[in-house]
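First comes the structure, then the notes that go with it.
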Amino acid sequence: DMRCKKQRVALVGFGIGLLSQCLTMHCPGMNLTTIDIDEEAVQLGRLFFGWEGQSEVVIQDATAYFAGIAEPMFDVVLVDCFERTLIPEACRSPEFLRHVRRALKPADSLFAINTLAAVPWERDVRQALGTPGGRAYREGQWFLVQG
């Protein structure tokens, strides 16, 4: 299945665990790591929303997590990170994007951030993550950069 050709995926933002569940249900061979700073989100997902360990979960600041990765390992990095309706600076800062770029495999990688709507800093994301020959585009509420 072409939808599932990306095998090593990082998801920033646990939410209630639904995206982790959907990704692994539709792509069972996916190696998914979910990074969130809030351990209570995982507990709520487990208690009320059917999350049953569908991915590895790392409770850590995402910038620190990606800073600790020594070489490219992810095919995809998804950022679904909100404080109410705003994306925290920590999930889109130049430092965060620099570490994410280093963690993404250099060929045929994908970065996607859920922005709910177009935001003025999309150009900054494209510049930080774009590669020669890559492209950036919007797909609904997601802004994507392909490498």
Exercise. Cβ-Cβ below 8 Å, separation at least six or inter-chain, first residue in segment 19-42 and within 27 Å of E83 (Cβ to Cβ) and touching a residue at least 60 places away in the same chain (Cβ under 8 Å), second assigned to a loop (DSSP other than H, G, I, E, B) and among the hydrophobic types (A, V, I, L, M, F, W, C): which pairs?
Worked result: none
Seminar exercise, completed: Turns out the helices (runs of 4 or more DSSP H) fully within segment 59-147 with at least 2 residues that are at pLDDT 95 or above and open to solvent by less than 60 Å² (accessible area, probe 1.4 Å) are 62-67, 94-103
For this session: May I ask you to list pairs of residues, at least six apart or on different chains, whose Cβ atoms are under 6 Å apart, with the first in segment 73-101 being in contact (Cβ under 8 Å) with a residue 24 or more places away in the chain and basic (K, R) and the second being outside any loop (DSSP other than H, G, I, E, B) and surrounded by 14 or more Cβ atoms within 10 Å (Cβ to Cβ)?
Result: R101/L129
For this session: Identify all residues within segment 39-52 that are in a loop (DSSP other than H, G, I, E, B) and closer than 28 Å to E139 by Cα; write none if there are none.
Result: F49, G50, W51
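The values are calculated or read from the model by the stated rules, or taken from the named source; none is laboratory data. Being a predicted model, the structure only gives us computed values, none of them experimental. Cβ atoms come from the backbone with ideal geometry, glycine included; neighbour counts cover every protein chain shown. With ligands, DNA and RNA removed, areas are computed over all heavy atoms of the protein, side chains included. Shrake-Rupley method; radii C 1.70, N 1.55, O 1.52, S 1.80 Å.
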